[in-house]
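The values are calculated or read from the model by the stated rules, or taken from the named source; none is laboratory data. The model shown is predicted, which means the values in this text are computed figures rather than measured ones. Cβ atoms come from the backbone with ideal geometry, glycine included; neighbour counts cover every protein chain shown. In case anyone asks, the SASA skips ligands and DNA or RNA and just uses the protein heavy atoms, side chains included. Shrake-Rupley method; radii C 1.70, N 1.55, O 1.52, S 1.80 Å.
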Amino acid sequence: MSRLGIILGMLFAFQLQLKAQENPEVVAQIKNDLYARLGTDKIHNISYQDWGVYWVYASSNFNFGEPVYHITAYTEQGEWVSDKFDITHRLPEQIVAFLDSKGELAYCQMIYAAGNDPYYSVVFKSGEHLLMDVDFERIEVGPLSGDLVLTAAVKADIESRLENAYIINGYEDFNQQYSVIFKTSYVEFQNGQILYSKEGEWVETKAFLHDYFKLPLELMMYVNDRGGLENFGPVNQVTRPDEEFYHVKFKDGTTVKLDLDLNEI
């Protein structure tokens, strides 16, 4: 069987597993909300994620006058969380004018999220990320959900640990820790996550080194020497108070933990 066939088979099996966990009543509730709230033209897929949310891929008219592709999230109980509309090919003039000075666009989304004002998420092909409000002003810190508050002490700590960090969003994770998603100029704008306890104590920083062509040279050689990209999944650099290491996941699901000299731990 070809590699593509294997991948498609795995995806199909995974979809079956996800569908088995879906609640038909919640799915019906979600569909009703989409049609009533967004004027949905077509639902491409609804999938239940194993951490307790539904992801919907659909095309809706909303206030665009014609169907626009979007990804919408709902809680396990069917409560609306967010809509992310792909407006890459229908940019407002103000964003088009701004792009002239910033470089080539990768994609742009118009995001509506529970508890937050609507905003634009603009991503450039360089990897640089920019958030703008509906008045097209730069948002200095992205939306923070739940009870997450970015205190002056935590913000100062983030700035001391990360060069040119730009906070995209934040939320309270399953371990009652505060998780902040960021972009940073470290490894050309690849993003990551920094965790703090509720008391504001730093727990962990994780840089997502998922663009293999921007990996540090030593890691690129490690990937190349072990079968190349076909064998590899995500690579993360993890920093904790007592250790720093790379966490490498292979396509077959196995993982390896390496020190910064690429020795297995």
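Here are the numbers:
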{"item": "Residue check for V149: farther than 23 Å from S126 by Cβ, modelled with pLDDT under 85 and among the β-branched types (V, I, T)", "result": "yes"}
{"item": "Subset of the range 103-120 (residues that are touching a helix residue (DSSP H, G or I) at 6+ places or on another chain (Cβ under 6 Å) and surrounded by 19 or more Cβ atoms within 10 Å (Cβ to Cβ))", "result": "none"}
{"item": "Positions within the range 98-130 being outside any strand (DSSP E or B) and either closer than 16 Å to T72 by Cβ or at pLDDT 90 or above (or both), in sequence order", "result": "A114, G115, N116, D117, P118"}
{"item": "Close pairs (7 angstrom Cβ cut-off, 6 or more residues apart or separate chains): without any contact (Cβ under 8 Å) to a residue 60 or more places away in the chain in the range 50-61, acidic (D, E) and in a loop (DSSP other than H, G, I, E, B) anywhere", "result": "G52/E76; V53/E76"}
{"item": "Selected residue (criterion: nearest to the chain's Cα centre (by Cα)) from residues of the range 57-97 that are β-branched (V, I, T) and assigned to a helix (DSSP H, G or I)", "result": "I95"}
{"item": "Residue satisfying condition, being in contact (Cβ under 8 Å) with a residue 40 or more places away in the chain and among the β-branched types (V, I, T), within set I87, I111, I139, I95", "result": "I95"}
{"item": "Leading residue by the ranking (most open to solvent (accessible area, probe 1.4 Å)) among those in the range 121-152 that are under 23 Å from W80 (Cβ atoms) and among the polar types (S, T, N, Q)", "result": "S145"}
